Structures are given as C-alpha cells and as structure tokens.
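Remarks on the structure that follows.
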Amino acid sequence: MEIKILKNVLIKNSAIGKDNRDLFWKHKIFTLNMISSPGAGKTTLLENSLAYFTKNYRTAVIEGDLYTAKDSERLQSHNIPIVQINTEGGCHLDARMISGALQNLKLEELDLIFIENVGNLVCPSSFDLGENLRVLILSVTEGADKPEKYANIFAGAEVILINKVDLAPLCKIDINTIISEIKKINPKAPIFPVTATDYNSLNDWNNWLDKAINNYRNATR
Amino acid sequence: MHEAALAHQIIELVKETIREDSSLRERAVKVKKINLSLRRPYTVWPESLEFYFTEMVRNTELQETKLVFHEIESKDQNDQNDQNDQINELSSFFASRESGLTITSIEIDDD
C-alpha cells in the first residue's frame, strides 16, 4: 500500500525557522545570517560592524563554530550577549539550533542579532534559520569564479559583501569582474565591496544595513 | 555532510506520518520504500544521503526500508532564450530556502 506524503524534506526546519522569525517580529529584533567560506572575514567584519551598531542597537551574537569558541572570544570586548553553538563537526546551523540559542538570550532587551554561520559555501544555503537578512561574504582571495561554482548560495543571498578588496591588485583580480559574475547568478542583491579591517570602508554597508533595520522596525510597529 | 541532517529529517517525517495515522500505528507497519522526488538543483548527493540513512536506521524499525529517488525533469539547460528564466527560477528556489528533495510517498507492507 502506498501512502502519499508530499512534504519537502526540510519542512520541519522551515516550520521552526518560521517560529523563530515570528519571535523576532514579536520582539522587533532584526536578525542577520552571515554566511561565507572559512577565512572570508565574517568575524573581522562582525568585529567592526559591532563597533558601529552597538552604539544604536542593543545587539547580540549567535556564533556557529564546529568545535571552538575562538570567534566568540574575539567579540567579547564588545560586552554584548554572545551565545556559542558548537556543531561538533556539523557543516551548518539549522533552525532548531537557533531556537535553542534564543533560550539563552533576553529577547525583550535586544534590537539586533548577528548569527555567524559555520564557514561553508554549500550546506547553509538550504537551511532557513528565521533570519530577516541572509548576508553572503566573498573574499577576493577566493577568486572570481566562486559565484558560478557556488551558484546555490549566491542565488539565495539577499545582500553580498566582497571583502578584502585591498588585496585585489595582489591577487590580480578585478572587482568589477567579480561583481558581474555575481550579477549573472543574482541580479537583485545589493553588493558592497569592503575591506573588513578598514572601518571606513564599511560606511556604505553600515548605512544600508541601518536603513534595512529601521524599515523593519517601523514595519513591526 | 548536510546529507546526514536531511536523512534525519526524512526519518522524522516518516515516523511522524505513521504516528499520526492510527490505522498505521496500531498495525506496526513495515515501511518497504520511501519515494523521494529530486529536482535540480539537487543540493544533495543521493548516494551520500542513502549512506547516512542506512547508518541511522540500523537496528530500528526502518532498517529494511529503501530510499527510491525519482528525478523530476527540468528545462533544457542549454536553451539560451530561457537563461533569464533559469536565473530567476534559481534565485526564487534558493530564496525559498527549501531542499530540492520531497518525500512523495511511503510504501508499506500490507501483511
């Protein structure tokens, strides 16, 4: 006997992701899911973004890492709540992990949550965490061929940062080539070339994100 | 590695289907096959998924259950006129944050 099911395999993750998103909406919390390959500069970007955003928003970080708390330790000087998730070798964060991490945060005391996903350009693409914004960070040192090679994750990104642009001449890479390669896969996502170690290079990104957060918070009123 | 997470989701969905159907639950049915439809972009390697599934169901009520994959035909990837449609389709698919894998049905032993 055959019994019809017709359910996407990720339906349970998506349902928990929706619950997370509803919870963020209820508490007017804007949440970003930061995705990149290992070493692209997520944590460095986060360090400098926090310097800007913690001035205006009550901010927390959920840190995904395979085994260590090294990234959390780098962010501790900001004196904000940080929840560490160690996936014990797992290649991505999922909605259930985020739901568990939220139990350790006082949501009524927050405006903004950065989620740093596990460094991986493949697996995180399918897992909705309930975030408001999926941020993809590509380092120029990875090469201009990455958008086409990892089309899944580039297609699903809502904003893309090209990091380490100061190294482009050394890598003999043209930023405009990277941008046009990204636009072939994802013509809609805004793209910000940045150098995460240079605070001033983050101005356009910070301003754009500031507006996105304010638009969201206005919508929740 | 994310195939392990997908295998776990499949097992949970199948067990939930049986649990929620009183006639199936009471009969302690044996699931022979799990039919899965697979559409491009897969986001999954079927052999890897099968490997994790087999390991996870070892010594459980699903240990003899087989995964059966049915590929859904997609548009001709070489049709240049459809290139923009394909980009839009890819973008909306990944914006939806789903897997290209759907459990279509299970087949149970009638005995």
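The values are calculated or read from the model by the stated rules, or taken from the named source; none is laboratory data. Please read all numbers here as calculations on a predicted model, not as lab measurements. As a convention, Cβ positions derive from the backbone with ideal geometry for all residues, glycine included, and neighbour counts pool all protein chains shown. Accessible surface is based on the protein model in full, side chains and every heavy atom, while ligands, DNA and RNA are left aside. Shrake-Rupley method; radii C 1.70, N 1.55, O 1.52, S 1.80 Å.
In whole Hz and in residue order, list the ³J(HN,Hα) couplings for the range A:52-59 that follow from phi through the Karplus curve 6.51 cos²θ - 1.76 cosθ + 1.60, θ = phi - 60°; x for Gly and Pro.
7, 6, 5, 5, 10, 10, 6, 10
Once you average over the residues of A:11-23, how many Cβ atoms of partner chains fall within 10 Å of each Cβ?
Working: counts 7, 5, 6, 4, 0, 0, 1, 0, 0, 0, 0, 0, 0.
Mean shielding count: 2.
Probe radius 1.4 Å, ligands and nucleic acids left out: which of A:Trp208, B:Trp45 has the largest accessible area, and how do the rest follow?
Values: A:Trp208 75, B:Trp45 160 Å².
These residues rank, largest area first, as B:Trp45, A:Trp208.
Relative contact order for the range A:1-153: what percent, with Cα pairs under 8 Å and sequence separation of 6 or more?
Values: 257 pairs, mean separation 59.3, N = 153.
This gives 39 percent for the range A:1-153.
At a probe radius of 1.4 Å, what is the per-residue accessible area of A:Thr43, in Å² to the nearest 10?
10
For B:His2, B:His8, write out the residues from largest to smallest accessible area, computed with a 1.4 angstrom probe and no ligands counted. Can you show the working numbers first?
Working: B:His2 15, B:His8 85 Å².
The most accessible residue leads, giving B:His8, B:His2.
I need the phi-derived Karplus couplings for the range B:6-14: 6.51 cos²θ - 1.76 cosθ + 1.60, θ = phi - 60°, integer Hz, Gly and Pro marked x.
3J(HN,Hα) across the range B:6-14, in whole Hz: 5, 4, 4, 5, 4, 4, 4, 5, 5.
Would you pull out the residues with amide H under 5 Å of B:Glu71's amide H, same chain only if 5 or more places away, H placed 1.01 Å from N?
Here B:Leu38 satisfy the definition.
Quick check on the protein assembly as shown: helices-only [θ] at 222 nm, where DSSP H runs of length 4 and up contribute -39,500 (n - 2.57) each and the sum goes over total residues. Nearest 500, please.
On the way: 13 runs with 134 residues, N = 332.
Theoretical 222 nm ellipticity from helices: -12000 deg cm²/dmol.
Highest first, please rank the peptides B:20-28, A:163-171, A:7-15, B:64-72 by the mean number of other Cβ atoms sitting within 10 Å of their residues.
Working: B:20-28: 10.8, A:163-171: 16.7, A:7-15: 19.7, B:64-72: 14.3.
Answer by packing, highest mean first, reads A:7-15, A:163-171, B:64-72, B:20-28.
For the protein assembly as shown, can you list the cysteines whose C-beta has no other cysteine C-beta under 4.7 Å from it?
Lacking a cysteine Cβ partner under 4.7 Å: A:Cys171.
With a cut-off of 8 Å between alpha carbons and a minimum separation of six or more residues, what is the relative contact order of the range A:135-221 in percent? Each step should come with its number before you reach the end.
Numbers: 103 pairs, mean separation 26.3, N = 87.
Over the range A:135-221, the number comes to 30 percent.
In the full protein assembly as shown, how much of A:His27 is accessible to a 1.4 Å probe, in Å² to the nearest 10?
Rounded to the nearest 10, that gives 50 Å².
Taking loop as defined by DSSP and a crowding limit of 11 other beta carbons within 10 Å, which chymotrypsin sites (Phe, Trp or Tyr not before Pro) in the range A:9-94 fit?
Numbers: sites: A:Phe24, A:Trp25, A:Phe30, A:Tyr52, A:Phe53, A:Tyr57, A:Tyr67; in loops: A:Tyr57, A:Tyr67.
When the chymotrypsin sites (Phe, Trp or Tyr not before Pro) of the range A:9-94 are filtered for loop state and at most 11 Cβ neighbours within 10 Å, A:Tyr67 remain.
Just reorder A:Met34, A:Met97, A:Met1 by solvent-accessible area, largest first, 1.4 Å probe, all chains present.
On the way: A:Met34 5, A:Met97 60, A:Met1 95 Å².
In descending accessible area the options line up as A:Met1, A:Met97, A:Met34.
Amide H to amide H, which residues 5 or more places from A:Gln84 or on other chains are under 5 Å from it, using H placed in the peptide plane?
Sorted by chain and number, the residues that satisfy this are A:Glu63.
What is the range A:75-221's relative contact order, in percent, from Cα pairs under 8 angstrom and six or more apart in sequence? Provide the component values of the computation, followed by the final result.
Numbers: 155 pairs, mean separation 26.3, N = 147.
Value for the range A:75-221: 18 percent.
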